[in-house]
Ligand code: NAD
């Protein structure tokens with residue numbers, strides 16, 4: 001099983017190292033071989049070869065079975081030209097690998113319920129919702145530019161979606177909902193945007209082939225509010241690129257910390273891209289303070305979706321749960337009476353619990 005490893009910038013290398021430790025523990029337990037190939041992307045690539053996504057990285061990723069990514073970006077590269085920014089590399093690799101479906105679970109471990117900023121009565125003991133976000137279209141990939149005008153400048157970013165783009169992500173959402181609680185909420189802005197009206201038509205047509213799955217439609221402003229008011233009403237949230245980006249960060253906070261949530265990006269090919277939903281956290285980089293759990297949980301998704309190793313994926317989720325149960329916490333999820341540990345110690349504890 002070939003895995004391309006992109007450590008990236010900021011806390012990226014720190015959290016990826018811990019995830020690899022856990023993968024090695026899985027490899028030992030299941031006597032299987034993961035072959036890692038490290039490649040550059042983001043600021044690290046800009047510094048070394050002058051561009052955020054070198055050709056070699058694309059090739060290695062395309063020749064792998066899965067890609068493990070830390071995070072890219074940071075203030076050091078904030079002022080480089082737009083097409084050379086670290087984030088441009090991230091958008092391009094998603095497009096190159098054609099991973100159009102971004103799966104972002106928001107799962108709260110019962111042991112973490114006090115870390116959620118919501119009142120206990122709202123969340124109860126647990127939360128388990130899945131955001132299915134379109135990843136390679138919409139406003140982030142549309143034509144964008146600026147022109148000078150008399151009073152300054154004018155800028156635009158075009159948002160467009162086609163029927164096939166919407167249909168393929170909708171089908172992923174229906175497949176996932178079928179294995180969960182059979183309820184999809186399509187989040188859009190159909191009262192204002194033509195794009196959203198097309199999404200509703202396409203999703204509604206597909207829903208006729210899945211009559212056992214309940215489908216609701218909700219405006220994004222309402223969804224942002226409902227996620228705080230009553231998050232348990234959601235099972236699968238299906239949405240476009242930008243709304244999914246924003247709502248999944250909001251959903252992550254319900255569970256306590258950005259540092260807890262994994263993501264998987266899958267598409268037409270068998271190659272999946274696995275990464276935590278957080279960024280490079282330059283404010284804590286290099287200090288052994290980052291929470292590696294989001295990246296470690298991304299490995300669980302890799303085993304589940306790319307390697308069909310469900311039991312191994314569960315081993316990782318159980319090991320994380322066990323360590324939280326024992327009271328170990330990184331700084332971002334620290335609470336009174338718990339045991340504070342750094343990035344490396346957290347990775348070590350979780351890998352030791354893969355048995
Ligand atoms: P961020 O996610 O990096 O950090 C937001 C806050 O959450 C910070 O206070 C940070 O310390 C904290 N945090 C994030 N991950 C954590 C972890 N694992 N453990 C503990 N605390 C954690 O978002 P930002 O500050 O908006 O962005 C920083 C840089 O990351 C920017 O350059 C941005 O473009 C980039 N970014 C990259 C990705 C990606 O690579 N997929 C995603 C988002 C942002």
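Computed from the coordinates by the stated procedures, all read-outs in this text should not be read as laboratory data. On a predicted model such as this, the values are computed, not experimentally measured, just so you know. Note that we place each Cβ from the backbone using ideal geometry, even for glycine, and neighbour counts take in every protein chain shown.
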Chain lengthening between residue 47 and residue 311 when straightened (0.36 nm per residue, less Cα-Cα): 91.0 nm
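Take the Cα atoms of the range 1-125, build their convex hull, and give its volume per residue in Å³.
Values: hull volume 19.3 nm³, N = 125.
Residue-normalised Cα hull volume stands at 155 Å³.
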Mean Cβ neighbour count within 10 Å, used as a protection proxy, ranking 136-147, 251-262, 319-330 highest first: 251-262, 319-330, 136-147
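So, by mean Cβ neighbours within 10 angstrom, what's the order for 206-218, 287-299 with the highest one leading? Write out the running numbers ahead of the final one.
Details: 206-218: 14.5, 287-299: 25.1.
Final packing ranking: 287-299, 206-218.
Show that you can apply the helix-only estimate: for the chain, add -39,500 (n - 2.57) for every DSSP H stretch of four or more residues, divide by all residues, and state [θ] at 222 nm to the nearest 500.
Computed ellipticity for the chain at 222 nm equals -12500 deg cm²/dmol.
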Span from the the range 66-139 Cα centroid across to the the range 219-242 one, whole angstrom: 16
Peptides ranked, highest mean first, by Cβ atoms within 10 Å: ranges 152-159, 107-114: 107-114, 152-159
Separation between Cα centres of the range 179-215 and the range 32-65, rounded to whole Å: 36
Quotient of Cα Rg and 2.2 N^0.38 Å for the chain, N being how many residues it contains: 0.98
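With viscosity set to 0.692 mPa s at 37 °C, what whole-number translational diffusion coefficient in µm²/s follows for the range 190-319 from Stokes-Einstein and a Kirkwood radius over Cα pairs? Please list the in-between numbers first.
Details: Rh = 17.1 Å.
The Stokes-Einstein estimate is 192 µm²/s.
Work out how much length residue 55 to residue 148 would gain on full extension: take 0.36 nm times their residue separation and subtract the Cα-Cα distance, in nm to one decimal. Before the final figure, lay out the partial values.
Values: separation 93, 0.36 × 93 = 33.48 nm, distance 3.41 nm.
Extra length available between residue 55 and residue 148 comes to 30.1 nm.
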Cα-Cα P(r), the range 100-222, percent of pairs per 5 Å interval: 2, 9, 15, 18, 16, 13, 10, 8, 4, 3, 2, 0
Gain in span if fully extended, residue 268 to residue 194, counting 0.36 nm per residue against the direct Cα distance: 24.0 nm
The chain - share of DSSP beta bridges that are antiparallel (%, nearest 5): 45
